[in-house]
Amino acid sequence: MFGQSPLMDQTVQLIPREYGEDDRGNDAWVEGDPVTVEHCSVQPLDSAEYLTSASDQIVSRWQFFGPPDMGLKGTDLIQVGDDTYEIDGSPGQFPSVSPFLAHTSAVLKEVRG
């Protein structure tokens, strides 16, 4: 089974988001209740620092692996500890003839500054 891999040892919070209205009637992303997802892995990819006269930003990307049945969408958020990441692009679901290899994968993005 997928979750038995020693590399998939992290638990994350999946925060579903839908485009709707906030409490004042404005168009906005509306976050649903977080769902705990076990047997995940979040690994660093790259980061870039943008220094401008208007602002300084650091953009970091992370590779995410999770269970094949978690239902991850490109609009959702992933929270790992105190850090919250956006999905960068579309997540992929990778089926396999072996349940151990089937998984969900996505690139996560964090912008600070």
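At a glance:
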quantity	calculated
Length added when fully stretched, residue 22-residue 100, from 0.36 nm per residue minus Cα-Cα	24.0 nm
The chain - percent of accessible surface contributed by carbon and sulfur, probe 1.4 Å	50 percent
Heavy-atom accessible area per residue - the chain, 1.4 Å, Å²	64 Å²
Rel. contact order, % - alpha carbon contacts under 8 angstrom, at least six apart, segment 59-113	46 percent
Simple spin-label estimate for residue 86 and residue 33 in nanometres, 7 Å along Cα-Cβ	2.7 nm
Accessible area in the full protein assembly, largest first, 1.4 Å probe, for 17, 61, 112	112, 61, 17
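The values are calculated or read from the model by the stated rules, or taken from the named source; none is laboratory data. No experiment lies behind these values; they were computed from the predicted model shown. Every residue, glycine as well, gets a Cβ built from its backbone with ideal geometry; the counts of neighbours run over all protein chains shown. The protein model used for the area step is the full one, side chains on, heavy atoms only, and it has no ligands, DNA or RNA in it. Shrake-Rupley method; radii C 1.70, N 1.55, O 1.52, S 1.80 Å.
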